[in-house]
Amino acid sequence: MGTCIYYPLMALDSKIIDIALQLYKNNFFENINSVIDMGDQDLNISFTELKKKFLYYKINIDETFDRASVYPERPRLSSSVFWSKIGIKQTDRLDLEKLDRNSFDPINKFFKVNLNFPIDDQEKYQKYDLVTDFGNNEHPFNIVESYKTMHKLCKKNGYLFIHQAMFRGNGYYNFDPCFFENMAAVNKYECLHSSFVFQYPEGYFTTQLNSSILKLINLNGIKYIGIIYLFKKSNE
C-alpha cells in the first residue's frame, strides 16, 4: 500500500492566524460574539511563532497558551483558545469525536455530529456570527450536506471563513475556486477576501485568487496549494 503524503490542513495554522489577526486589527471581530468551527480544530503553531504574531498586533500572550510551548506534541490547544483571546465570547466546535484537551482549554460547547447527515437540532440554526471550515468539510463523504450545515449554522449577516485544499489535501476532495464561487453566487454571499496559499517546506506565501498565477508556480517541492475565502451571508 502506498503512503499518502499531505500538508496537515485541519487547524488554525500560521496563515489563517495571520488573516484573522489582520481582521482583528481592522476591528472585524468587534461584532462577532459567537463562532463555531466545523471540526474540533487544533491551534497548529508553536509558542514562539504565536508570541511573535501577538506582539506585532499588541496582544498580550498569557499562561493560557503555555501548552503551545511543547508543540507539536498532543494534546494541542484548541481553536477556542485563540478565538477567546481576540474577544469572541462563545467559541463552539463540532465533530465526529472530541479530541483530548488540557483542563484549562476553554471549550464552551462541543457537539458530536456526523456531517454526512443534516443537523436535526434547529436551535443551532442561524445561531453563529462566524462559521469556519479550516480543512474539515472535505472529510465527510457527503460534502453537499457539510456546506448546507455550515450555511444553516450561520446567522443572516454572519460570516463563513473557509480554507480548503486545491492540491495535496488530505480528505476525500480537492477544490477548485469555481466550487466556492458558484456556491457564493447561488446563495448571494458577499466575498470579503479570497486568496491562493502556497506552502513550501520553508514557509508559505499567498497571492490574489487569479488562476493565471498557477501557470507561474513551480510544483517541484511544493507541499500544498490551498484556497481561502471569507464570505458574508447577506440573506437566508
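With Cβ to Cβ distances under 9 Å as the rule, what net charge do the other residues near C191 carry (K, R +1; D, E -1)?
Working: positive: K232; negative: E181, E190.
Once all neighbours under 9 Å are counted, the net charge is -1.
Quick one: work out the % antiparallel among DSSP beta bridges in the stretch 86-236, nearest 5.
Working: 24 of 33 bridges.
The answer is about 75 percent antiparallel.
Around the Cα centre of the stretch 114-188, unit charges on the Cβ atoms of Lys, Arg, Asp and Glu (plus for the first two, minus for the last two) sum to a dipole of about 200 debye.
What is the Rg over Rh value, at two decimals, for the stretch 120-188, using alpha-carbon atoms and the Kirkwood definition of Rh? Answer for the stretch 120-188: 0.97. Taking max minus min of the alpha-carbon positions on each principal axis, the stretch 1-122 gives extents of 42, 42, 27 Å, largest first.
The helix-based estimate of mean residue ellipticity at 222 nm for the chain, built from -39,500 (n - 2.57) per DSSP H run of four or more residues and divided by its residue count, is -6500 deg cm²/dmol to the nearest 500. Taking the charge dipole of the chain about its Cα centre, with +1 at Lys and Arg Cβ atoms and -1 at Asp and Glu Cβ atoms, the residue from T91, L214, N136 reaching farthest to the positive side is L214.
Mind listing which chymotrypsin sites (Phe, Trp or Tyr not before Pro) in the stretch 85-148 are in a DSSP loop and have 16 or fewer other Cβ atoms within 10 Å? Present the calculation step by step, with values, prior to reporting the outcome.
Numbers: sites: F104, F110, F111, Y125, Y128, F134, F141, Y147; in loops: F104, Y125, F141.
The qualifying sites are F104, Y125, F141.
Please compute the volume of the convex hull spanned by the alpha-carbon atoms of the stretch 79-158 and report it per residue in Å³.
Convex hull volume per residue, Cα atoms: 101 Å³.
Just list whichever of K124/K156; K85/K127; K15/K127; K15/K51; K156/K232 have alpha carbons separated by over 18 Å in the model shown. Working shown, then result.
Details: K124/K156 13 Å; K85/K127 21 Å; K15/K127 27 Å; K15/K51 15 Å; K156/K232 8 Å.
In this structure, K85/K127; K15/K127 lie more than 18 Å apart at Cα.
Diffusion of the stretch 99-236 by Stokes-Einstein, at 37 °C in a medium of 0.692 mPa s and with Rh set to the Kirkwood radius over alpha-carbon pairs, works out to 200 µm²/s. Once the Cα-Cα distance is subtracted from the 0.36 nm per residue extended length, the E49 to D100 segment shows a gain of 16.0 nm. Computed from the Kirkwood radius of its Cα pairs, the Stokes-Einstein diffusion coefficient for the chain at 37 °C and 0.692 mPa s stands at 180 µm²/s.
Any read-out appearing in this document is the output of simple, stated calculations on the displayed coordinates, not a laboratory observation. These figures come from a predicted structure and were not determined experimentally. Please note: Cβ atoms are built from the backbone with ideal geometry, for glycine as well, and neighbour counts cover all protein chains shown.
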